[in-house]
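Note sheet for the following structure.
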Amino acid sequence: QAKRSGRHHVCFFDPAMQASLLAHVKLETDLYQAQAKQQWLLYYQPQVDHHGKVFGVEALLRWEHPERGLVSPDAFIPLLESTGLINAVGEWVLETACHQLVHWAQHPQFRELTLSVNISPAQFRDEGFLRRVEAVFARTQVPLQRLKLEVTESLFVEARDDARDKMLALKAQGVRFSLDDFGTGYSSLAYLAQLPLDQLKIDQSFVQQILVSQANAAIVESTIALAESLDLEVIAEGVETQAQQAWLLAHDCRAYQGFLYGRPVAASVFETQLLGGIAS
Ligand code: C2E
Ligand code: MG
Ligand code: MG
Ligand code: MG
């Protein structure tokens, strides 16, 4: 707006801008409160194979806001990143999820369960990152071979080598890596091949369009082929219909996550659903 009106533009008071600035400041204050009062909660969503067996789970952060109820992370992760709060909150997420996995691993049915945890680029780039996660590993005694850290392509836009070095340090301890939201970023395929990745996670925006958009179907097909040729696992996220799963299976993608199998739910609900038999 300001640009279009040219260089004689004078910026007058804009009530809409003022309101959004205030909302932003309020959200920021609320986030510090949330951290102080530990208003965080983890939800868990199942990951299934083509037999419908649950092999993994992704931990997803929720904020129990005193007035607004449960808030999804897309609404506040960017602000957690810009305030630096992401380091403390991310540590809480990892520790809580690892404790949960250790607990679940006591059930015979969950012994092989893998746990995926999202790590934001800001958190990963922080100089204290390795020290923090290693402290969590020591405190929780989580089986590292069953932990997957989900990173996004944006992590590799700058300071790639630093990111790669940290990944290698964690890989050496057994941790695995998944590239989340694959296809939505700008990573070069040449560089991707040099990263110590274990899994590509096809973004839900492509998955949800496979049956209606030729272009998206082609993107998903080539992602599956890429994963195959780089010897990576592939999982599709955002699978909502049986028809989407059938298409994915026909194109050799055998791991899925999405509302079709279960929405993200509290740990106790996840446990009941699984032990109640959605897995069998
Ligand atoms: P993501 O890691 O790509 O997670 C998948 C998102 O898609 C989740 O949203 C999930 O609830 C949603 N989803 C799963 N299946 C379906 C489906 O079939 N249909 C549709 N429409 N949506 C589906 P959520 O939980 O709101 O999380 C949004 C994003 O916030 C996550 O995207 C992730 O990037 C970020 N996030 C979540 N938890 C954390 C966390 O602990 N740390 C960090 N740094 N980021 C997190
Ligand atoms: Mg994820
Ligand atoms: Mg994703
Ligand atoms: Mg996402």
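The values are calculated or read from the model by the stated rules, or taken from the named source; none is laboratory data. Note that this is a predicted model, so its numbers are computed, not measured. Glycine also receives a Cβ, built like all others from the backbone with ideal geometry; neighbour counts cover every protein chain displayed. For the accessible areas, the whole protein counts, side chains as well, though only heavy atoms, and no ligand, DNA or RNA atoms are used. Shrake-Rupley method; radii C 1.70, N 1.55, O 1.52, S 1.80 Å.
Points to keep in mind about this one:
- Among the residues listed as LEU61, LEU41, LEU85, the single one being within 16 Å of ligand 4 (Cβ to nearest atom), modelled with pLDDT of 95 or more and among the aliphatic types (A, V, I, L, M): LEU61
- Qualifying position, being within 30 Å of ASN216 (Cα to Cα) and modelled with pLDDT under 95, among SER154, SER178, SER116: SER154
- Picking from residues in the stretch 86-110 that are touching a residue at least 60 places away in the same chain (Cβ under 8 Å) and assigned to a helix (DSSP H, G or I), the one that is farthest from ASP30 (Cα to Cα) is GLN109.
- Subset of the stretch 188-212 [within 16 Å of ligand 1 (Cβ to nearest atom) and among the polar types (S, T, N, Q)]: GLN199, GLN204, SER205, GLN208, GLN209
- Restricting the stretch 237-261 to residues that are in a loop (DSSP other than H, G, I, E, B) and away from ligand 3 (no atom under 16 Å from the Cβ), the residue that is surrounded by the fewest Cβ atoms within 10 Å (Cβ to Cβ): ASP252
- Being at pLDDT 95 or above, open to solvent by 40 Å² or more (accessible area, probe 1.4 Å), within 16 Å of ligand 4 (Cβ to nearest atom) and in a helix (DSSP H, G or I) is a condition met by at least one residue of the stretch 188-211.
- Evaluation of ALA159 against the conditions (1) surrounded by 15 or more Cβ atoms within 10 Å (Cβ to Cβ); (2) small (Gly, Ala, Ser); (3) on the phi > 0 side of the Ramachandran plot; (4) more than 16 Å from ligand 4 (Cβ to nearest atom) shows that the sole unmet condition is (1).
- Selected residue (only one of ALA122, ALA138, ALA169 is within 16 Å of ligand 1 (Cβ to nearest atom), among the small types (Gly, Ala, Ser), open to solvent by 10 Å² or more (accessible area, probe 1.4 Å) and in a helix (DSSP H, G or I)): ALA122
- None of GLU221, GLU228 is closer than 24 Å to LYS171 by Cβ, open to solvent by 60 Å² or more (accessible area, probe 1.4 Å) and part of a helix (DSSP H, G or I) except GLU228.
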